[in-house]
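The values are calculated or read from the model by the stated rules, or taken from the named source; none is laboratory data. From a predicted model like this one, the values you see are computed outputs, not experimental measurements. Please note: Cβ atoms are built from the backbone with ideal geometry, for glycine as well, and neighbour counts cover all protein chains shown. We work out accessible area using only protein heavy atoms, side chains counted, and drop any ligands, DNA or RNA first. Shrake-Rupley method; radii C 1.70, N 1.55, O 1.52, S 1.80 Å.
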Amino acid sequence: MTTPRLVPLSPTTWAWTHDSTAWGYSNCGLVASDGEALLMDTQFTLEGTRELLAAIAGAVPDATITTVVNSHQNGDHTWGNELVGDAEIITSEASAAHRCHEMTPDMLSALSRGEPATAVAAYAVEHFGGFDFGGITLTGPTRTFTGSLELTVGRTAVRLLDLGAGHSAGDVALHVPEDGVVFTGDALFRGGHMIVWSGSLSSCVTACDTLLATGATTFVPGHGELTDRAGLTHFRDELSRIFETATAYAREGRELDEAARLVKAAHAGDLAHPERLFTAVAGAYQEAGVPDVPSTTFELVEGMARLAAAA
Ligand SMILES: [Zn+2]
């Protein structure tokens with residue numbers, strides 16, 4: 001369990017953050033002004049989302065959440081949506097289109113509660129077995145956009161940015177210009193390695209450039225602690241180095257699992273979940289045109305479980 005907190009970033013903007021880099025503990029954003037509130041992402045479980053909503057009710061008792069933005073469709077950012085189901089739920093067209101490829105709460109429950117007969121199941125039991133996904137009714141977006149979308153929350157102007165594919169098939173960031181704050185969703189991780197579900201690592205680098213181009217000074221990642229421009233730039237540059245190294249291995253014809261082990265040895269650093277580097281290397285391999293690179297969620301988790309076991 002973690003101790004999440006609603007951290008004020010300005011009189012109208014808050015970040016919901018966890019003191020954990022474990023899988024599933026995602027950050028959220030809140031903008032509240034003149035009785036209206038916009039929530040960026042919900043939590044993995046109903047219990048976690050109720051805790052978030054109670055903290056919001058305490059901080060801004062007069063505000064009604066009229067808009068929810070989903071940064072992408074992973075369960076740790078969307079499975080609490082039903083608890084704010086009266087709000088308009090906005091995401092990008094690419095993010096919404098990917099919904100049907102996500103694991104459902106029942107699938108993840110079965111995988112993480114069953115006998116760990118396979119490497120994937122053992123990985124799921126270890127990282128997701130502690131969550132209760134019971135009672136979740138999947139609640140999807142009611143509005144989509146492409147490019148960018150300007151909204152006002154009470155008197156506060158915000159901008160949604162369609163980052164395209166990167167972490168997921170379609171990522172969305174929330175920019176609050178008057179505060180110089182961007183909620184990045186999982187385009188940025190702090191304290192743990194990036195996961196690349198989309199099959200494109202170079203797009204993750206491009207997404208960081210888009211985030212930096214906002215001119216914002218505070219970046220709230222999807223997971224981990226808040227950071228500044230230097231922190232985001234460091235993250236971007238490291239992804240870029242991993243892309244170059246992995247691409248070189250792909251061109252040499254090196255086998256994917258071996259490349260992932262070499263990249264892990266060189267780039268694990270002190271970040272949590274170095275096995276996620278498998279997904280980054282697989283992304284670079286896919287972009288380099290290597291045939292039959294694992295690309296489904298299940299295959300990528302299999303690869304991560306293999307890399308974790310190869311330590
Ligand atoms: Zn996440």
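Note on ARG143/ALA248: beta-carbon distance plugged into 1/(1 + (r/R0)^6) with R0 of 35 Å gives a FRET efficiency of 0.25.
Based on the Cβ-Cβ distance of ARG159 and ALA288, what FRET efficiency does E = 1/(1 + (r/R0)^6) give at R0 = 41 Å, to the nearest 0.05? The calculated FRET efficiency here is 0.75. Rounded to the nearest Hz, the phi-derived 3J(HN,Hα) couplings of region 224-241 under the Karplus curve 6.51 cos²θ - 1.76 cosθ + 1.60 (θ = phi - 60°) are x, 7, 4, 9, 10, 5, 5, x, 5, 5, 4, 4, 4, 5, 5, 4, 5, 5, where x marks glycine and proline. Helix 277-287 and the long axis of the chain differ in direction by around 80°, with both axes built from C-alpha atoms.
Distances between placed amide hydrogens fall under 5 Å for LEU9 paired with TRP14, ALA15, all partners being 5 or more residues away or on another chain. Placing a label point 7 Å from the Cα of SER202 along the Cα-to-Cβ direction, the residues of region 262-281 with a backbone N closer than 20 Å are 278-281. The simple spin-label model puts a point 7 Å past each Cα toward its Cβ; for THR217 and HIS101 those points are separated by 3.9 nm.
With protein chains left intact and a 1.4 Å probe, residues in region 1-158 average 44 Å² of accessible area per residue.
Measuring how big the chain is from its alpha-carbon positions, Rg and Dmax come out at 18.6, 60 Å. Distance between the modelled labels on ARG113 and ARG50, one decimal in nanometres: 1.7 nm (7 Å Cα→Cβ projection). The modelled label-to-label distance for the pair SER10/ALA309, using points 7 Å beyond Cα in the direction of Cβ, is 4.9 nm. Close amide H partners of THR42, meaning residues 5 or more places away or on another chain with modelled amide H under 5 Å apart, are THR78, GLY80.
Given a 1.4 Å probe and every protein chain left where it sits, what share in percent of the accessible area of the chain is carbon and sulfur?
Carbon and sulfur together cover 50 percent of it.
Residues in region 32-64, backbone N under 14 Å from the label point at ALA22 (7 Å along the Cα-to-beta-carbon vector): list them, ranges by number please. Output list for this probe position: 44-45, 48.
Could you let me know the centre-to-centre spacing of region 172-222 and region 1-66, using Cα atoms, in angstrom? Value for the Cα centre distance between the two parts: 18 Å. Entry note, the chain: relative contact order of 15 percent, from Cα contacts under 8 Å with a spacing of 6+ residues. Straightening the chain between THR296 and GLU150 buys 49.2 nm, computed as 0.36 nm per residue apart minus the Cα-Cα spacing. For the chain, take the longest principal axis of its alpha carbons; what is the angle in degrees between that and the long axis of helix 46-59, to the nearest 10 within 0 to 90? Approximately 40 degrees, to the nearest 10.
Output the peptides 62-70, 160-168 sorted from most to least packed, where packing is the average of other Cβ atoms within 10 Å over each peptide's residues. Write out the running numbers ahead of the final one.
Details: 62-70: 20.3, 160-168: 24.4.
With the highest mean Cβ count within 10 Å placed first, the list reads 160-168, 62-70.
Hand me the GluC sites (Glu not before Pro) from region 134-243 located in a DSSP loop with no more than 16 other Cβ atoms within 10 Å, in residue order please.
Working: sites: GLU150, GLU178, GLU225, GLU238; in loops: GLU225.
Listed in order of number, the matching sites are GLU225.
Our helix-only sum for the chain, with -39,500 (n - 2.57) per DSSP H run of n ≥ 4 divided by its residues, gives a mean residue ellipticity at 222 nm of -11000 deg cm²/dmol.
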